[in-house]
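Visitor: The following block contains the structure, expressed as structure tokens.
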Amino acid sequence: MTGIFITIEGPDGSGKTSVIKHLLPKLEKELAQKIVATREPGGSEIAEKIRELILNPEHVEMDVRTEALLYAAARRQHLVEKIIPALNKGEIVICDRFVDSSLAYQGVARGIGLEPIAAINQFATGGLSPHLTLYLDLEAHVGLERINKNKDSRQFDRLDQENLAFHQTVRSAYLDLVKQNPTRMIAVNANQELEKVLSDCYTILVEYFRQL
Ligand code: TMP
């Protein structure tokens, strides 16, 4: 496997999707290489179907372990169909969320525990881990305010419905993950103007590729 696998993580409303959308063309130009941009849950036809199932706001009775297994199942399918083939071709893959999301949301915020979530994801990924993860850090209430403001342009999903305490736990779980993985995960302050968030992310990425 010769490609580079980069993930973007962050609480809901942290702006991951906008960051990827704006940075992609700039980065492709800088590196003179096409980049595969994808997202989780989803990224392939089957995985997008699993996404619909997980995030449907009507599925209020979904059990937390079912939810964790579905995220892992979507991840497996996405990896096999899209990420691994691209990495095997030497491509750069940027993915909006990956295993860290399951650790923060299902492992900590849902209270399942980090170990079982790490175990099912080890099964799903075969141990494939990102080379670099940008973590967009934002206080939970700011993220939720952004989501409420953009309600009309963004799909409001089942996890957005969780209360502030849930999203605060997600954020603190992410901060712990950054502490535990200081070489892989780099935190960026997402509570700034989009332009500044973009330039911070861009600087980190360009520096990463310069050092390869
Ligand atoms: P998105 O809004 O970034 O597309 O993600 C959809 C929701 O799914 C978001 O609330 C985070 C959640 N999620 C998990 O709970 N566990 C996971 O493993 C992933 C990938 C996402």
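Yes/no matrix, rows are residues, columns are (1) away from the ligand (no atom under 13 Å from the Cβ); (2) free of Cβ contacts under 8 Å to residues at least 40 places away in the same chain; (3) farther than 17 Å from residue 133 by Cα; (4) hydrophobic (A, V, I, L, M, F, W, C):
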residue: 14; (1), (2), (3), (4): no, no, no, no
residue: 18; (1), (2), (3), (4): no, no, no, no
residue: 59; (1), (2), (3), (4): no, no, yes, no
residue: 62; (1), (2), (3), (4): no, no, yes, yes
residue: 70; (1), (2), (3), (4): no, yes, yes, yes
residue: 90; (1), (2), (3), (4): yes, no, yes, no
residue: 94; (1), (2), (3), (4): yes, no, no, yes
residue: 102; (1), (2), (3), (4): no, yes, no, no
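Visitor: Out of curiosity, is residue 55 out of contact with any Lys or Arg (no Cβ under 8 Å at 6 or more places or on another chain), over 19 Å from residue 126 (Cα atoms) and open to solvent by less than 40 Å² (accessible area, probe 1.4 Å)?
Guide: For residue 55, the condition - out of contact with any Lys or Arg (no Cβ under 8 Å at 6 or more places or on another chain), over 19 Å from residue 126 (Cα atoms) and open to solvent by less than 40 Å² (accessible area, probe 1.4 Å) - is not met.
Visitor: Of (1) under 19 Å from residue 27 (Cα atoms); (2) in contact with a helix residue (DSSP H, G or I) (Cβ under 7 Å, 6 or more places away or on another chain), residue 168 satisfies all except one. Which?
Guide: (1) is the only condition that residue 168 fails.
Visitor: Then there is this: Among 37, 47, which is under 15 Å from the mean Cα position of the chain (by Cα) and within 12 Å of the ligand (Cβ to nearest atom)?
Guide: 47
Visitor: Filter the range 20-33 down to residues that are within 16 Å of the ligand (Cβ to nearest atom) and among the basic types (Lys, Arg), then give me how many there are.
Guide: Here the count works out to 1.
Visitor: Those residues that are closer than 21 Å to residue 81 by Cβ and either out of contact with any strand residue (DSSP E or B) (no Cβ under 8 Å at 6 or more places or on another chain) or surrounded by 21 or more Cβ atoms within 10 Å (Cβ to Cβ) (or both), I need them from the range 7-33; list them, please.
Guide: 7, 8, 20
Visitor: Consider residue 77 against the criteria (1) assigned to a loop (DSSP other than H, G, I, E, B); (2) touching a Ser or Thr at 6+ places or on another chain (Cβ under 7 Å); (3) of a type outside the set (A, V, I, L, M): it satisfies all of them except one. Which criterion is unmet?
Guide: Evaluating residue 77 over (1) assigned to a loop (DSSP other than H, G, I, E, B); (2) touching a Ser or Thr at 6+ places or on another chain (Cβ under 7 Å); (3) of a type outside the set (A, V, I, L, M) leaves (1) as the failure.
Visitor: Kindly check whether there is at least one residue in the range 34-49 that is in contact with a Leu (Cβ under 8 Å, 6 or more places away or on another chain), open to solvent by 20 Å² or more (accessible area, probe 1.4 Å), among the β-branched types (Val, Ile, Thr) and assigned to a strand (DSSP E or B).
Guide: Among the residues of the range 34-49, not one is in contact with a Leu (Cβ under 8 Å, 6 or more places away or on another chain), open to solvent by 20 Å² or more (accessible area, probe 1.4 Å), among the β-branched types (Val, Ile, Thr) and assigned to a strand (DSSP E or B), which makes the answer no.
Visitor: Restricting attention to the range 80-98, which residues are part of a helix (DSSP H, G or I) and of a type in the set (A, V, I, L, M)?
Guide: Residues satisfying the conditions are 80, 83, 84, 86, 87.
Visitor: Let me ask you something else. For residue 106, indicate whether it is at pLDDT below 95, over 30 Å from residue 2 (Cβ atoms) and within 15 Å of the ligand (Cβ to nearest atom).
Guide: Criteria not met by residue 106.
Visitor: Check off (1) touching a helix residue (DSSP H, G or I) at 6+ places or on another chain (Cβ under 8 Å); (2) free of Cβ contacts under 8 Å to residues at least 12 places away in the same chain for residue 98 and give me the number that stays unchecked.
Guide: Result: residue 98 passes all but (2).
The values are calculated or read from the model by the stated rules, or taken from the named source; none is laboratory data. A quick note: this is a predicted structure, and the numbers were derived from the prediction, not measured. With ideal geometry, Cβ positions are generated from the backbone for all residues, glycine too; neighbour counts draw on all protein chains shown. In case anyone asks, the SASA skips ligands and DNA or RNA and just uses the protein heavy atoms, side chains included. Shrake-Rupley method; radii C 1.70, N 1.55, O 1.52, S 1.80 Å.
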